[in-house]
Amino acid sequence: MSTLAHVFEAAGIATVSLCSIREQMESTAPPRGLWCDFPLGRPLGKPGDPEFQHRVLAAAFALLDATEPVMTEFDEAIADGGDEMLACPMPPRHDPDAHPAVDEANGLRAAYDRGVEMTEGRFAAGRTVDADDIPSAIEAFIRIAEGTAWKEAGIPGMPMRVSHDIRSYYETAALAMVDHAPAAWASTRWFLDETETGKVMLAARQAMQDQDAPQPMWFYLTPGDR
C-alpha cells in the first residue's frame, strides 16, 4: 500500500498510509505514514470502540496538512494478547459416523448464522466456499491429511482461499458464542489448537509440504507463524 501511495501522490492524489509494522513503513517510506502499534489485522486498534477508532482516523487525516514526507507514531500502543486463546464452547458430537471435524463444523452452523447476522456478514465465509459447502471443503483436507495427493483431493478452489473461508466460518461462529471482542489472534489460536478442523488443517499443511506442493499452496493454509 505504501508503494501505491507513491503512485497516487505522483498523480496528484494525497494519501495517508496506516502502517502496523514500523520497519516496513520505514523501508517503503510512504509520503505520509502513521505507524499504529496495533496487532496485525486491526488497523484502527480496538474493535467496537468508535471513539478510539475516530482518534486514529483524526491522527491520520491530520497528516494531510504536511507539505513534505512525514512519518509519525500514534500516541497509544496495543499489545497483541501474547498467547491468549479464546475460551469457546464446542458443540457435542451429533453424527458418530462423520469425521469429527465435519461433525464439528455442522454443529457450529447455527452459531455461524448468528455470527453473520451480528457482524452484518463482514466476517463470513464465501470468498471461495459458501457456508453450505464448508463441510465438504473440510473433507478435501481430511483426504490430504490421510495421504491423498493434494491435486486429487477435490479442494474446491485455491487451497489458501478455501482454508481462509473455513477459518472465517469458525471464527464467525466463535464471535456468536462469546460476549466480548477477543484479543487479536485469540480466535485463530482457538481454531488451530482447540478444534478438530484446526488439527486437520495443520495436518494437511504438513502433508502438502511433504508432497512437495508449491510453497504458496501449503504455506498459507495457516498463518505464517504456524
Give me the Kirkwood hydrodynamic radius of the chain, using the inverse of the mean 1/r over all pairs of distinct Cα atoms, in Å to one decimal.
-> 19.5 Å
Between the modelled labels at Arg122 and Ser27 (7 Å from Cα along Cα→Cβ) the distance in nm is 3.0 nm
In debye, nearest 20: dipole of region 100-219 around its Cα centre with unit charges on the Cβ of K, R (+) and D, E (-)?
-> 320 debye
Any idea how far the Cα center of region 148-224 sits from the one of region 4-30, in Å?
-> 31 Å
For region 100-219, whose charge dipole is built from +1 on Lys and Arg Cβ atoms and -1 on Asp and Glu Cβ atoms, the candidate among Val116, Pro214, Ser168 with its Cα farthest towards the positive end is Pro214
Reported to two decimal places, what Rg/Rh ratio describes region 2-73 when computed on Cα atoms with Rh from the Kirkwood expression?
-> 0.97
At a Förster distance of 41 Å, what's the computed FRET efficiency of Ala14 paired with Ala87, Cβ-Cβ distance as r, to 0.05?
-> 0.40
In nm², the average projected area of the convex hull spanned by the Cα atoms of region 100-219 is 6.9 nm²
Treating only the Cβ atoms of Lys and Arg (+1) and Asp and Glu (-1) as charged, compute the dipole magnitude of region 26-106 about its Cα centre; round to the nearest 20 debye.
-> 240 debye
Would you calculate a helix-derived [θ] at 222 nm for the chain, using -39,500 (n - 2.57) for each DSSP H run of n ≥ 4 and dividing by the full residue count, to the nearest 500?
-> -14500 deg cm²/dmol
Highest average packing first - 145-153, 214-222, 101-109, Cβ atoms within 10 Å = 101-109, 214-222, 145-153
Dipole magnitude of the chain, debye to nearest 20 (Cβ charges: Lys/Arg +1, Asp/Glu -1, about Cα centre) | 320 debye
Measuring from label point to label point, each 7 Å out along Cα→Cβ, what is the Val7 to Glu146 span in nm?
-> 4.5 nm
Selection from Ala131, Thr72, Pro89, by position along the positive dipole direction of region 57-158 (Cβ) | Ala131
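Every number here is computed from the coordinates shown, using simple stated rules; none is lab data. Just so it is clear, the model here is predicted, and its values are computed rather than measured. Here Cβ is always computed from backbone atoms with ideal geometry, including for glycine, and neighbour counts include all displayed protein chains.
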